[in-house]
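Student: Shown below is the structure under consideration.
The values are calculated or read from the model by the stated rules, or taken from the named source; none is laboratory data. No experiment lies behind these values; they were computed from the predicted model shown. We place every Cβ from the backbone using ideal geometry, glycine too, and count neighbours over all the protein chains shown.
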């Protein structure tokens, strides 16, 4: 095992009922020290199950889980959650309403005197910027402030890893963005390793060093955010991570499509039918009376305009343009596609 490895899952399977497919199947994932790893995928893909298995709330049916080089689950062996030195931040924060913030954070600090527990609780409350509110109660806080307290409570015992289960889902859009940045800052400055579970791709791509994309309990790809975006390993990843359109093509002396021929690195034989992945930032156009494309729609998104371009075949491509470039629906255009990376999937 690599010395950097902190959490290791080896071919882990968990099935809650024989009537249903496994929640996760033969899942292998590694979290490195000092890394933030995001598990991304749609509802029901196995993200939270994976987190629960790492935390010790569930027991795997097959496979092995290692924490800091030592086995904690698998082959009939299981270490209970309280013995794993793992901090958990829940979606609903799970703060005790009848305890002050100081008491909430100090609650899990066992084996220490009251003064020592309170000193440590105050230390981490200051780290998350809540030291001045230590005597307040949870109901007196905003959602973002409660989130900071939940993080402080997870940090207080000095865990080897922090697990975050959809931690920003209860916040509004503006607060979610701010808290995302703040939580990442706290984790980085604390040199804390963390696994974040989310269905929000922007959240995963902006916070994590690496992102694992799950689908139906299986790992589709685990890579740096930019790798997932530019060179997705599967069509599911291409479609789920960022926006993508897919044009039919054929392997000849290149990938031949209705918007042009592109360099072929697929290794597929000539005549093979494929789909070419095209991102909105790959698509450019210019008004042209003889153009084959037509502007079918436009959505203003503040920082950009997102155009829908109709091609002669009826297929549509999305195009990202500057926020001040405004062209009318029905305008004929010449469509130019310049992909950063040519990615194709066999049909």
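Student: Check off (1) closer than 20 Å to residue 15 by Cβ; (2) modelled with pLDDT of 95 or more for residue 67 and give me the number that stays unchecked.
Tutor: Single failed check for residue 67: (1).
Student: Looking at the structure I just gave you, is residue 117 without any contact (Cβ under 8 Å) to a residue 24 or more places away in the chain, touching a helix residue (DSSP H, G or I) at 6+ places or on another chain (Cβ under 6 Å) and assigned by TED's automatic domain parsing to the domain that holds residue 232?
Tutor: Criteria met by residue 117.
Student: Can you find even one residue in region 256-265 that is more than 29 Å from residue 213 (Cα to Cα) and part of a loop (DSSP other than H, G, I, E, B)?
Tutor: The answer is yes, given that some residue of region 256-265 is more than 29 Å from residue 213 (Cα to Cα) and part of a loop (DSSP other than H, G, I, E, B).
Student: Of these, 180, 185, 153, which one is within 30 Å of residue 106 (Cβ to Cβ) and buried (at least 23 other Cβ atoms within 10 Å of the Cβ)?
Tutor: Values: 180 fails: buried (at least 23 other Cβ atoms within 10 Å of the Cβ); 185 fails: buried (at least 23 other Cβ atoms within 10 Å of the Cβ).
The conditions single out 153.
Student: Okay, next question. Would you mind stating whether residue 346 is out of contact with any helix residue (DSSP H, G or I) (no Cβ under 9 Å at 6 or more places or on another chain), surrounded by fewer than 14 Cβ atoms within 10 Å (Cβ to Cβ), within 26 Å of residue 236 (Cα to Cα) and touching a residue at least 24 places away in the same chain (Cβ under 8 Å)?
Tutor: Working: out of contact with any helix residue (DSSP H, G or I) (no Cβ under 9 Å at 6 or more places or on another chain): yes; surrounded by fewer than 14 Cβ atoms within 10 Å (Cβ to Cβ): yes; within 26 Å of residue 236 (Cα to Cα): yes; touching a residue at least 24 places away in the same chain (Cβ under 8 Å): yes.
In short, yes.
Student: In addition: Residues that are free of Cβ contacts under 8 Å to residues at least 24 places away in the same chain, at least 1 per element: which strands (runs of 3 or more DSSP E) completely within region 1-97 meet that? If you could, list the steps in order and put the result at the bottom.
Tutor: Details: elements: 5-14, 24-32, 36-40, 62-67, 70-74, 86-89.
So the answer is 70-74.
Student: Next question, about the same structure. May I ask you to say which residue of 333, 326 is crowded, with 17+ Cβ neighbours inside 10 Å and outside the structural domain of residue 38 (by TED's automatic domain parsing)?
Tutor: On the way: 326 fails: crowded, with 17+ Cβ neighbours inside 10 Å.
So the residue among 333, 326 that is crowded, with 17+ Cβ neighbours inside 10 Å and outside the structural domain of residue 38 (by TED's automatic domain parsing) is 333.
Student: Would you mention how many residues in region 104-133 are surrounded by 19 or more Cβ atoms within 10 Å (Cβ to Cβ) and outside any helix (DSSP H, G or I)?
Tutor: Counting residues in region 104-133 that are surrounded by 19 or more Cβ atoms within 10 Å (Cβ to Cβ) and outside any helix (DSSP H, G or I) gives 3.
Student: Any residue in region 66-83 that is more than 14 Å from residue 160 (Cα to Cα), surrounded by fewer than 21 Cβ atoms within 10 Å (Cβ to Cβ) and in contact with a helix residue (DSSP H, G or I) (Cβ under 9 Å, 6 or more places away or on another chain)? Don't jump to the end; show me each part of the working.
Tutor: Filtering region 66-83 down to residues more than 14 Å from residue 160 (Cα to Cα) leaves 71, 73-80.
Filter once more, keeping what is surrounded by fewer than 21 Cβ atoms within 10 Å (Cβ to Cβ): 71, 74-80.
Those left that are additionally in contact with a helix residue (DSSP H, G or I) (Cβ under 9 Å, 6 or more places away or on another chain): none.
Looking through region 66-83, none of the residues is more than 14 Å from residue 160 (Cα to Cα), surrounded by fewer than 21 Cβ atoms within 10 Å (Cβ to Cβ) and in contact with a helix residue (DSSP H, G or I) (Cβ under 9 Å, 6 or more places away or on another chain).
Student: Let me ask something else. Can you tell me which residues in region 167-187 are within 27 Å of residue 219 (Cα to Cα) and touching a residue at least 40 places away in the same chain (Cβ under 8 Å)?
Tutor: Across region 167-187, the qualifying residues are 167, 169, 170, 184, 187.
Student: While we're on this one: Check region 277-288 and report whether any residue there is in contact (Cβ under 8 Å) with a residue 24 or more places away in the chain and in contact with a helix residue (DSSP H, G or I) (Cβ under 9 Å, 6 or more places away or on another chain). Steps first, please.
Tutor: At the first step, the residues of region 277-288 found to be in contact (Cβ under 8 Å) with a residue 24 or more places away in the chain are 277-288.
Filter once more, so that each one left must be in contact with a helix residue (DSSP H, G or I) (Cβ under 9 Å, 6 or more places away or on another chain): 277, 279.
Looking through region 277-288, at least one residue is in contact (Cβ under 8 Å) with a residue 24 or more places away in the chain and in contact with a helix residue (DSSP H, G or I) (Cβ under 9 Å, 6 or more places away or on another chain).
Student: Can you tell me how many residues within region 324-347 are assigned to a loop (DSSP other than H, G, I, E, B) and under 15 Å from residue 286 (Cβ atoms)? Break it down into steps so the answer makes sense when it comes.
Tutor: Step one: of region 324-347, the residues assigned to a loop (DSSP other than H, G, I, E, B) are 324-331, 338-343, 347.
Still in the running and under 15 Å from residue 286 (Cβ atoms): 325-328, 331, 338.
Final tally of qualifying residues: 6.
Student: Name the one entry in 291, 302 that is surrounded by fewer than 17 Cβ atoms within 10 Å (Cβ to Cβ), under 33 Å from the mean Cα position of the chain (by Cα) and part of a loop (DSSP other than H, G, I, E, B).
Tutor: Numbers: 291 fails: under 33 Å from the mean Cα position of the chain (by Cα).
The match here is 302.
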